[in-house]
Amino acid sequence: MEIRNFSRAPNQPRVKGYTGTDGLDGPKATIARPCAGPPRNDQVAGAFTAFHFTGGATCSGERQARVGVDINRLRAYIQEHTNPPVFFIAAGVILVFLVGGVLFTEAVSNGAGAILDFIATYLGWFYILAATGFLVFVLWLLFSRFGNIRLGPDNSRPEFGTVAWFAMLFTAGMGIGLVFYGVSEPVTHTMSPPIGEGGTAEAATQGMNYTLFHWGVHPWAIYIVLGLALGYFHFRKGLPMRPASALYPFLGNRIYGWPGHIVDILAVFGTLFGLATSLGIGTTQINAGLSTLFGFPNTGLTQILIVAAITAVAVASVMLGIDKGIRRLSVINLWLAAALMVFVFIVGPTLFILTGLSNYTGYYLQHIVESSFQIFDVSNQPDAAAWQAGWTLFYWGWWIAWSPFVGMFIARISQGRTIRQFIAGTLFAPVGASIVWFSVFGGSGIFYELRGAGISEQSADQAMYVLLEQLPIPGILSGVASVLTLVVVVLFFATSSDSGSLVVDMLTNGGDPHPIKLQRFFWAVTEGLVTIVLLVVGGSAAVSALQSASITTGLPFAIVLILVCAGLLKALRTEHPSAQMPMAASLVRESADGGKGTSRTPQRGSESTAAAATGASSAGASGSGNTSESGEK
């Protein structure tokens, strides 16, 4: 079986003494033969790869031979299964953070708060304009001449049907955040808007507008930037599926060196802390549900035990494998979330929900330009600026930190689609699902809040359970719905952790879409530990600590995404005209052939294919396989 290495440039020297079969020749190891007889490959190399032995040795050299074998086995393992600079630097920095968070909790908390204040005060404008710029760039690509270019060879076709593709996009867009903020955010903005009087019908419309602005087209535009670039460079140009590949037009083969390693390390930090944010808010909501339903104490110790327990579920999912683990949990979770939404729609204020769905959507679309460029001044509007830092900047940082995670997933499932199909489906299908979700849960929350339910007086993790208690149904049904909510959040937690461990491992192994279970186990456990430290550091303000982590880690990767936009545009401009106008190219060929027996399915000439092959070979890519798991957020 061929063993491919995705972390090494074409001419990078192999580990001395290693003889893998990944298509690159390496010297054979000359290691002393033990006195016990001829060695067996399975004894020496285990599950990694065969080593060859030559020569002989006396018994006095047996210990040195064994040491040599162990060192070579370790070096070969590291070389085959990791991208060492990315893996060790990312893991080392994260471990330092974990130790520092435990030993110097107050200092870490104060430092994170200072960084957050600095970003909110001096760089808030950058986040706002960057997110809007990504949306403008994506919409321009949607209607540009590049829209017909496929994510793959010119004759490739979508790997998944439209219905299945939309379903997976919807799954990617759903997550812990929607359950956590589905009720609390619209209600909070209604009762405590950044400007104006709260608790009115106008404030309710404004509150839902802010919510849809945070969960609408802007976050998905951020995901599309990286997802589109990864899909294009991976499936069409043969580069590894790693963020550094999106900068190949600028870096060339240096994506395999330190410039590329830095990009991937930033992606690891963003993904890990963005994931920890989701897991952290999910933990607080699970704790709130257990407290409401079963009287569990809502304390830091309880939350640590929750993280440990559900991380164990995620680890079990990792060890079970793809079909028995993550996919099964994802499908079950999707149907349970849909059932919960339909239940609230039927027994809740149905007419108010339907009316609001139309009104809220229309208002959001009418004011999207105004919302996209609205920046509150710290000196003149301190309260509004503080609101924007706690909500809008947090979300933009969260989405940017999550972009490697979701971007890799949507790139993987979109092979063979055109750029126009990719953008239209990814931008509008999940956004439509989010609008419906918030209209049902947020609209119901606003309905009861304006009638004195007191949802806004509860913490965000309690809001969903308080809403379910307001529904005009028997208490036992309300309890069942609360249990269902708890199960949905737990499954979102487990599937996010499992899928996140896959993505982080891909980022640290150089783009290999089939990482081994041991490393995924390591990253799943690390994700749980980072979540625990953020919760401990935050203490009573745990959610604020999670927000600070997202805003801080998202900032440097926002700069990377800007470069990704420029690199993708530069590469698209080198495409052959036949890829940009397939129908015109087809008609020209028919005319040249006299219109006899020429297929209308465009078969591209060798020019663009050769260009793609040249790009792949010059990059030293190996035409990597496909990611086989989905991720949720």
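The values are calculated or read from the model by the stated rules, or taken from the named source; none is laboratory data. All of these numbers come straight from a predicted model, not from anything done at the bench. In this analysis, Cβ positions are derived from the backbone assuming ideal geometry, glycine residues included, and neighbour counts consider all displayed protein chains. Heavy atoms of the whole protein, side chains included, go into the accessibility calculation; ligands, DNA and RNA do not. Shrake-Rupley method; radii C 1.70, N 1.55, O 1.52, S 1.80 Å.
The Cα center of the range 330-374 and the Cα center of the range 113-187 differ in position by 18 Å.
In terms of accessible area, using a 1.4 Å probe and ignoring ligands and nucleic acids, L518, L555, L340 rank largest first as L518, L555, L340. Among the GluC sites (Glu not before Pro) in the range 441-504, none sits in a DSSP loop with a Cβ that has at most 12 other Cβ atoms within 10 Å. For K517 and V102, the difference between the fully extended length at 0.36 nm per residue and the C-alpha to C-alpha distance is 146.6 nm. Rounded to the nearest Hz, the phi-derived 3J(HN,Hα) couplings of the range 127-140 under the Karplus curve 6.51 cos²θ - 1.76 cosθ + 1.60 (θ = phi - 60°) are 4, 4, 6, 5, 4, 5, x, 4, 5, 4, 4, 5, 5, 5, where x marks glycine and proline.
Decide, for the range 102-231, between rounded, prolate and oblate: order the square roots of the alpha carbon gyration tensor eigenvalues as a ≥ b ≥ c, take rounded if a/c falls under 1.5, and otherwise choose prolate if a/b is larger than b/c, else oblate. Taking the square roots of the gyration eigenvalues as a ≥ b ≥ c, the range 102-231 is prolate. Using 0.36 nm per residue and subtracting the Cα-Cα separation, the extra length available between S459 and F294 on full extension is 57.6 nm. Model label sites at L354 and L139, defined 7 Å from Cα along the beta-carbon direction, differ in position by 3.1 nm.
Computed over the range 333-491, relative contact order equals 41 percent, with contacts defined as Cα pairs under 8 Å that lie 6+ residues apart.
If you plug the beta carbon distance of F160 and L305 into 1/(1 + (r/R0)^6) with R0 = 41 Å, you get a FRET efficiency near 0.55.
In order along the range 558-573, phi translates into HN-Hα couplings of 4, 5, 4, 5, 4, 5, 4, 4, 5, x, 5, 4, 4, 5, 5, 5 Hz, rounded to whole numbers, per the Karplus curve 6.51 cos²θ - 1.76 cosθ + 1.60 with θ = phi - 60° and x for Gly and Pro.
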